[in-house]
């Protein structure tokens, strides 16, 4: 995505770095909602009953939770599959659509295996996986430094409204990652309940922002390398820039990263289905979401080039992710991070979160209003909203966040009073 800022949007290095830094602020939102995890001791897909009601939450989790999970499974698996195909190509295997499908199935199968074993396996293995990936990606960055062109300037420098348009589009692409982590409470919920909220928020936010800034900036710098086509052949840059003996190790590291990240996503998504009240065990639930993500991945790998598929999906997904994040953040702040996990797990009409016949119209209406505002301001190849068409700017994220959060505060304050004591 850092490379897209340079190779696709035509930004200068300084402009790309500004967009990267600005988008990293979105991780603060991810950190804020993580505070609800230890407080409630349950997953985000259950905590959101406080925002939408017991029955309304089923609709939201069913439509939005699974949609986000499936799309991000597809994005990450696509990256792993592209790398796997590149490695197999170096081994002499012809790059066919069939081989691409096989690679996707293998990667998704390994991911599901980790997700099935769940929390216990994640706790035991992820510290080692994380340290391995840090070392591999730092070494990769060091090897690529000779190819960085710090004096790089676009062939046609952007200015005025055209520059503003490209920077807002880039911002939307990059900030879509932090605002999509609606499942951050799922990871934090295992922390002791007495853990200070600011520590939970800071660890979550910095854990996403710092590596994001570093490696997205590295991607932008790689795109300045002479002869590197980061749009049609993203693996080609690494193949040409890395030593022959290290390139396979880098490829394996990307695949491992994809499996590790998607295993957590699949694990969270499997709990989301249970939160709908459907009588299904976690393992079959994980398999269902994996099948959906695998299908999307096969389409993106077989039909579209990787960079285009990722760029388009990241832009469009903000219409759902932004308002979801905004309502969640507003609720956490209004409640000062205090949640009753026992009450949240009560799905009967006696629950404090039953609201009106199981529906909290304040949360649901805010979600709809935020989504409409975001769609009106979206500027993508798939869809251009009327506001974006008039201004040329992509303001889908700020519009969705502000309208959804503002609506939620205005519509729900009196109803929430009983829960804020």
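Is it true that some residue in the stretch 117-139 is over 26 Å from residue 22 (Cα atoms), crowded, with 18+ Cβ neighbours inside 10 Å and over 25 Å from the mean Cα position of the chain (by Cα)? There is no residue in the stretch 117-139 that is over 26 Å from residue 22 (Cα atoms), crowded, with 18+ Cβ neighbours inside 10 Å and over 25 Å from the mean Cα position of the chain (by Cα). Of all residues in the stretch 192-217, those being more than 30 Å from residue 147 (Cβ to Cβ) and surrounded by fewer than 18 Cβ atoms within 10 Å (Cβ to Cβ) number 9.
Can you say whether residue 71 is in a helix (DSSP H, G or I), under 20 Å from residue 260 (Cα atoms), in contact (Cβ under 8 Å) with a residue 12 or more places away in the chain and more than 19 Å from the chain's Cα centre (by Cα), as far as the supplied structure shows? Here the answer is no, as residue 71 does not meet what is asked. On the stretch given as the stretch 1-45, residues that are surrounded by fewer than 21 Cβ atoms within 10 Å (Cβ to Cβ), modelled with pLDDT of 95 or more and either outside any helix (DSSP H, G or I) or touching a strand residue (DSSP E or B) at 6+ places or on another chain (Cβ under 8 Å) (or both) total 1. Being touching a helix residue (DSSP H, G or I) at 6+ places or on another chain (Cβ under 6 Å), within 30 Å of residue 62 (Cα to Cα) and either at pLDDT below 80 or surrounded by 15 or more Cβ atoms within 10 Å (Cβ to Cβ) (or both) holds for only one residue in 237, 257, 295, and it is 257.
Screening residue 159 with (1) exposed (fewer than 11 other Cβ atoms within 10 Å of the Cβ); (2) over 28 Å from the mean Cα position of the chain (by Cα); (3) closer than 30 Å to residue 252 by Cβ gives one miss only, at (3). Restricting attention to the stretch 91-113, the residues being in a helix (DSSP H, G or I), more than 26 Å from the chain's Cα centre (by Cα) and surrounded by fewer than 14 Cβ atoms within 10 Å (Cβ to Cβ) number 2.
Among the residues examined, residue 337 does not qualify as touching a helix residue (DSSP H, G or I) at 6+ places or on another chain (Cβ under 8 Å), in a helix (DSSP H, G or I) and modelled with pLDDT of 85 or more.
The values are calculated or read from the model by the stated rules, or taken from the named source; none is laboratory data. Only a predicted model underlies this, so the values are computations on that prediction, with no experimental measurement involved. All Cβ positions, even for glycine, are placed from backbone atoms using ideal geometry, and neighbour counts span all protein chains on display.
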